[in-house]
Amino acid sequence: MTSSNNRLAHKLYVVLQVTTLVYIAIFFCNYSRNMSRSKLECQLEPRDYHITPFPDRQQVLNITEIATVEEVLKKRRQILKDVCAPIPKRQIRGSMVGRILVDESHEVMYCQVPKVGSSNWLRAFLILTGDFSRDEYIGWVEFNSLNKYYKRLSKYKGLERILLARKYRKFLFVRHPFSRLLSAYINKFVERASDEFREKMYTQIIMVTGSNATEINFYDFANYLISTKDKVEMWNYHYRPIFNLCAPCEIQYDVIGHLETVDTDSAYVLHMIGANFDYPNFVPGATHSSDPEKLKKYFGLLTASQIKELYGIYEMDFKIFGYEIPTYLNVTIP
């Protein structure tokens, strides 16, 4: 009888603890900070923190460099916050957090954005497991083992997802929207895409645009995006806007790295999570789409109207990440 009572008391104690934690989490989210914000946004606020340099790595940031990077990151977060402020917060769906990799050991989350060094960050996360070395080749075969070590945020449910996102540090890397778009086009339709994907997209683009071209050119690709902009959630990840991949207005990232400053930004992130290796900056088949001459070559094939339409599609990426249309494209946005 005593044993039965003890078990019952233990169960009641556990239930009471869980219930208390749930109510504390809900109370904290509802009443701390600004009550006008959504529950999820409340839980995903970035934190202020300062890191100290590692002594044993080549890409080491000294204290002055760390302070400089932190000041830049602070400004980037403020730009994003100001732009997002008047925008109604969206409900976080699984598709919006399915790109976010969760590392429970290092308590960090990374939103995987294609064409912004994402393959190198996947390499970094595999190296963090201790089963891989920075000196060995890590490719798509090895990437398939990521699920053995990590889960995506979409795999966590309800309160657990919110509490993890509140506790963990979060980062993503972005780049100029037009150079990312061009990189995706070159990668998918010019250089390295599979014949199957290219043929599938060729059929879709011809059906949508009515073009009689024998291959997917940049002009027709732009028209396809413009014609299907109301179905952006169905686009391939490689050219889907980051606004639709990582929920940057809803999930407040601690670090918004830029590909244009990847050396210092990546070094900072690796310091932040306690990694003891340098960023694996391995870029096979680089498209060089950030080269102004290459941008002018491809975007020069488009009309001013097309460029403005593309800007409209990627407008949030331009604004929240602090980018502008290059002046050499001779297009003015009101």
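The values are calculated or read from the model by the stated rules, or taken from the named source; none is laboratory data. Please read these numbers as outputs of a predicted model, since none were measured by experiment. Methodologically, a virtual Cβ is constructed for each residue, glycine included, from the backbone with ideal geometry; neighbour enumeration extends over all protein chains shown. These area figures cover heavy atoms from the full protein model, side chains too; ligands, DNA and RNA do not enter into them. Shrake-Rupley method; radii C 1.70, N 1.55, O 1.52, S 1.80 Å.
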When the stretch 185-213 is examined, which residues are found to be open to solvent by 60 Å² or more (accessible area, probe 1.4 Å) and outside any helix (DSSP H, G or I)?
-> Arg192, Ser194, Gly210, Asn212
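Would you point out which residue out of Leu159, Leu182, Leu163, Leu146 is touching a residue at least 60 places away in the same chain (Cβ under 8 Å), surrounded by fewer than 17 Cβ atoms within 10 Å (Cβ to Cβ), at negative phi and not basic (Lys, Arg)?
Numbers: Leu182 fails: surrounded by fewer than 17 Cβ atoms within 10 Å (Cβ to Cβ); Leu163 fails: surrounded by fewer than 17 Cβ atoms within 10 Å (Cβ to Cβ); Leu146 fails: touching a residue at least 60 places away in the same chain (Cβ under 8 Å).
On inspection, the qualifying residue turns out to be Leu159.
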Candidate set from the stretch 288-309 (those that are of a type in the set (S, T, N, Q) and in a loop (DSSP other than H, G, I, E, B)); member that is least open to solvent (accessible area, probe 1.4 Å) | Ser289
So which residues in the stretch 70-100 are of a type in the set (D, E, K, R) and either closer than 17 Å to Phe171 by Cβ or at pLDDT below 95 (or both), if there are any at all?
-> Glu70, Glu71, Lys74, Lys75, Arg76, Arg77, Lys81, Lys89, Arg90, Arg93, Arg99
Does the stretch 166-178 contain at least one residue that is open to solvent by 60 Å² or more (accessible area, probe 1.4 Å) and not in a loop (DSSP other than H, G, I, E, B)?
-> yes
Only unsatisfied item for Asp135, checking (1) modelled with pLDDT of 90 or more; (2) assigned to a loop (DSSP other than H, G, I, E, B), is (1)
Please name all residue pairs, on different chains or six or more residues apart, with Cβ atoms under 9 Å, provided the first residue is in the stretch 78-90 and is over 9 Å from Ile320 (Cβ atoms) and the second residue is of a type in the set (D, E, K, R) and surrounded by 13 or more Cβ atoms within 10 Å (Cβ to Cβ).
-> Lys89/Arg37; Lys89/Glu41; Lys89/Glu250; Arg90/Glu250
Would you pick out the residues in the stretch 248-261 that are crowded, with 18+ Cβ neighbours inside 10 Å and either without any contact (Cβ under 8 Å) to a residue 12 or more places away in the chain or within 23 Å of Glu324 (Cβ to Cβ) (or both)?
-> Pro248, Cys249, Tyr253, Val255, Ile256, Gly257, His258, Leu259
Just to be sure, is Glu233 in contact (Cβ under 8 Å) with a residue 60 or more places away in the chain, within 16 Å of the chain's Cα centre (by Cα) and part of a loop (DSSP other than H, G, I, E, B)?
-> no
Determine, yes or no, whether Gln252 is polar (S, T, N, Q) and in a loop (DSSP other than H, G, I, E, B).
-> yes
Quick check: is even one residue across the stretch 49-60 within 17 Å of Tyr253 (Cα to Cα), under 19 Å from the mean Cα position of the chain (by Cα) and at pLDDT below 95?
-> no
